[in-house]
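A.B. asks: Quick one: this structure, given as structure tokens, is what I'll be asking you about.
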Amino acid sequence: MIRSIIVEDEVKSRETLKGLLSMFCPDVMVVAEAAGVQQGRELIAKHKPDLVFLDIEMPDGSGFRLLDQSAPADFDVIFTTAFDQFAIKAIRYAALDYLLKPIVPEELQVAVEKVRNHKQKKNNMKNFEVLLNNINPEKMEQKKVVLSTVEKIHVVEVNNILRCESDNYYTHFYFVDGGHLLISKTLKDVEALLEGGNFIRPHKSHLINIRYIQNFSRDEGGVITLTSGDKIPVSRRKKEKILEIIHNL
């Protein structure tokens, strides 16, 4: 049985989520409900849940603030939110789960299944720290992302990512400091994760950080040279867009 707490200021939303859990995730038991950050923090300390369904915006503060005040947190979190692009981006960078309202039962089941299979709660604080770092305006230049390999979870600075290269269902990450990681995500998934940052995809197999572009050559249809010396091909259909981006650097 997964013991959970719902932290959500809207009564209707709490009732809806409880109903969905009862119907589609019967092994999730709601042990308490909170209407705000302060009450949520008190109930988490009292009940020590396995899982917290956490709204992002509440009258007395944000769900992010609750996490900050609940450290160290020995529980899983599934955020519940209306569409908030900035918040969702921060959550995804931290490799945490979220559900958009209105909640879709199938998406709820998938998120809960991840909690069932989550056996390394000791990593939670690492993920939470990345999240709290990324929502701090003073640390925008130090934005981080959580990347998981077979061996461990890695926290890396986004600005240290030089380029990414597709390897079927995997992606190679190459870093400015010479490091390398192989991640079990497609390049399409990685592109979506890093969307809105300094990354462009000049070729179906490559994603690059534009801050490390050294030059563009028109040879062989188009080649980008990075500061590392790596040469990245530019596909014909991407050439005009890439040139426009480079001219605006």
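A.B. asks: Is it the case that ARG211 is modelled with pLDDT under 85 and either in the same structural domain as VAL190 (by TED's automatic domain parsing) or of a type outside the set (A, V, I, L, M, F, W, C) (or both)?
C.D. replies: No.
A.B. asks: Would you please name the residue that is nearest to the chain's Cα centre (by Cα), looking only at residues in region 157-190 that are closer than 22 Å to LEU132 by Cα and modelled with pLDDT of 95 or more?
C.D. replies: Ranking the qualifying residues of region 157-190, first place goes to VAL190.
A.B. asks: Across region 139-155, which residue is modelled with the highest pLDDT among those that are hydrophobic (A, V, I, L, M, F, W, C), in a strand (DSSP E or B) and surrounded by fewer than 18 Cβ atoms within 10 Å (Cβ to Cβ)?
C.D. replies: VAL155
A.B. asks: Then there's this: Please name all residue pairs, on different chains or six or more residues apart, with Cβ atoms under 8 Å, provided the first residue is in region 56-85 and is at positive phi and the second residue is β-branched (Val, Ile, Thr) and buried (at least 16 other Cβ atoms within 10 Å of the Cβ).
C.D. replies: GLY61/VAL37
A.B. asks: For the condition touching a Ser or Thr at 6+ places or on another chain (Cβ under 7 Å), in contact (Cβ under 8 Å) with a residue 12 or more places away in the chain and of a type in the set (S, T, N, Q), what is the one hit in SER166, SER148, SER184?
C.D. replies: The unique qualifying residue is SER166.
A.B. asks: Please list, ordered by residue number, the strands (runs of 3 or more DSSP E) wholly in region 169-249 having 2 or more residues that are surrounded by fewer than 18 Cβ atoms within 10 Å (Cβ to Cβ).
C.D. replies: In region 169-249, the matching strands (runs of 3 or more DSSP E) lie at 170-175, 180-183, 213-217, 223-226, 231-233.
A.B. asks: Where in region 71-137 are there helices (runs of 4 or more DSSP H), lying fully within it, with 3 or more residues that are modelled with pLDDT of 90 or more, over 13 Å from the mean Cα position of the chain (by Cα) and surrounded by fewer than 17 Cβ atoms within 10 Å (Cβ to Cβ)?
C.D. replies: Where helices (runs of 4 or more DSSP H) fall fully within region 71-137 and carry at least 3 residues being modelled with pLDDT of 90 or more, over 13 Å from the mean Cα position of the chain (by Cα) and surrounded by fewer than 17 Cβ atoms within 10 Å (Cβ to Cβ), they are 105-116.
A.B. asks: What residue, of ILE224, ILE200, is touching a Pro at 6+ places or on another chain (Cβ under 7 Å), more than 23 Å from ASN124 (Cα to Cα) and not polar (S, T, N, Q)?
C.D. replies: ILE224
The values are calculated or read from the model by the stated rules, or taken from the named source; none is laboratory data. All figures in this text were calculated on a predicted structure; none of them were measured in a lab. Cβ coordinates were reconstructed from backbone atoms using ideal geometry, including for glycine residues, and neighbour counts include every protein chain displayed.
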